[in-house]
Amino acid sequence: MMQPFLIRELKTSELHESLIVLYISFNRTIPPDLEKQEKLLISLINYGIAKFLVAEEDGKIIGLGGIFFFGNVCSIGYMAVLPEVRSKGLGTDMFRNLVKIGKSKGCRTFMLYASELGEPIYHKFGFRSKYATKVYNLPIKPLVLQKTNKKIKRTDIFPNWAALIDKNTIGFDRSEFLQQKINHGSILITFDKEGFALVSSSRLGPVISKNMHAAVSLIKEGIKLGANHIIVPNHSQFPSKFFEFVNLTERDDDSNLKMVYGKEVAQKLDQFYAIGTYSKG
């Protein structure tokens, strides 16, 4: 029997409608800066960093999925299917097609952040669980009222030293992706060639730092710049003493699971203090 839905590549003119599907699928409030997110994603598509698929039924978009390319590492996310059309295999079919696209691009490692709904599907595809992530609220005011730290700088160009720290930490080069985020409104702050962070609207992250002092200083500066939440990876190498220096309040219903398929990527997770965001699925 023929499937009643169609899986195809997204047209950029459909991005707004597709993102609405994403937010409805996860029962999330549509952000006021959605247009900014659309412009960033269109830029990533145009630069060949991202590709999106949609599920369509009777001319209406009912599902979305995306893949991001970082050399031979690919990240899958933005996986969403409207609640009323679930259990029809749409999500699984989109995911299978995204993996196929990644393999055609030479991807040897696939990673994603799984929601509770998506986790069983990814296990069936052979994905391995790595660590959980949790969203925390930041203090409303900076932790300590202090003078401007002269080691903290703001710049519109993602510097080579920061790209090197990021690659050593994460295990692959995503500098072009981060530069596009900066080009579309994210604020880059750096600390004396020891670490960097991005502030995107009210979210702080990623925070990548060689040491805890630099990480805490970047977080304090992020709060000054209006950040109110942060996504922290919960892995064995994370310096737990960090929580003694930063007063974070955990959000009960906001956690996801990092999952990986394929070749392992060498990382220095002790330098990984916060995730930027994740296009969960």
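The values are calculated or read from the model by the stated rules, or taken from the named source; none is laboratory data. These figures come from a predicted structure and were not determined experimentally. Every residue, glycine among them, receives a Cβ derived from its backbone with ideal geometry; neighbour counts consider all protein chains shown. Please note that ligands, DNA and RNA were not included when accessible areas were found on the heavy atoms of the full protein model with its side chains. Shrake-Rupley method; radii C 1.70, N 1.55, O 1.52, S 1.80 Å.
The figures follow:
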quantity	calculated
The chain - share of DSSP beta bridges that are antiparallel (%, nearest 5)	90 percent
Correct choice for Cα extents along the principal axes in Å that was computed from the model, options [x] 59, 58, 32; [y] 79, 56, 33; [z] 67, 38, 35	[z]
Solvent exposure of the chain as accessible area per residue, Å², 1.4 Å probe	49 Å²
Point-charge dipole on Cβ atoms (K/R +1, D/E -1) for region 1-128, about Cα centre, debye to 20	620 debye
Charge dipole (debye, nearest 20) of the chain; +1 at Cβ of Lys and Arg, -1 at Cβ of Asp and Glu	840 debye
Which listed pairs, of Lys124/Lys241; Lys51/Lys88; Lys105/Lys134; Lys130/Lys210, have C-alpha distances above 25 Å, in listed order	Lys124/Lys241; Lys105/Lys134
Anisotropy class of region 133-234 from Cα gyration tensor, a/c 1.5 cut	rounded
Share of pairwise Cα separations in region 203-281, more than 21 Å, in percent	29 percent
Alpha-carbon Rg/Rh ratio, for region 65-111, with Rh computed the Kirkwood way	1.04
Rounded to whole Hz, the Karplus (6.51, -1.76, 1.60) HN-Hα couplings of region 7-19, x for glycine and proline	9, 8, 6, 6, 8, 4, 5, 9, 5, 4, 4, 5, 5
Largest to smallest accessible area among Glu116, Glu57 [probe 1.4 Å]	Glu116, Glu57
DSSP loop chymotrypsin sites (Phe, Trp or Tyr not before Pro) with at most 16 other Cβ within 10 Å: longest gap in the chain	126-281
Thr249 accessible area, assembled protein chains, probe 1.4 Å, Å²	80 Å²
Relative contact order %, region 127-270, counting alpha carbon pairs below 8 Å whose residues are six or more apart	41 percent
Considering only region 182-246, percent of DSSP beta bridges that pair antiparallel, nearest 5	85 percent
Per-residue SASA entry for Arg96, accessible area with 1.4 Å probe, Å² rounded to 10	120 Å²
Stokes-Einstein translational diffusion, region 1-115 - Kirkwood Rh over all Cα pairs, 1.567 mPa s, 4 °C, in µm²/s	90 µm²/s
Accessible surface ranking that places the most exposed of His213, His123 first, with a 1.4 angstrom probe	His213, His123
Accessible area, probe 1.4 Å, largest first, for residues Ile140, Ile24, Ile189	Ile140, Ile24, Ile189
Cα→Cβ-extended label distance, 7 Å offset, between Glu116 and Glu57, nm	2.3 nm
Portion, in percent, of the accessible area of the chain that falls on carbon or sulfur, probe 1.4 Å	50 percent
Cut-off under 5 Å, modelled amide H: who pairs with His229 long-range	Leu138, Leu204
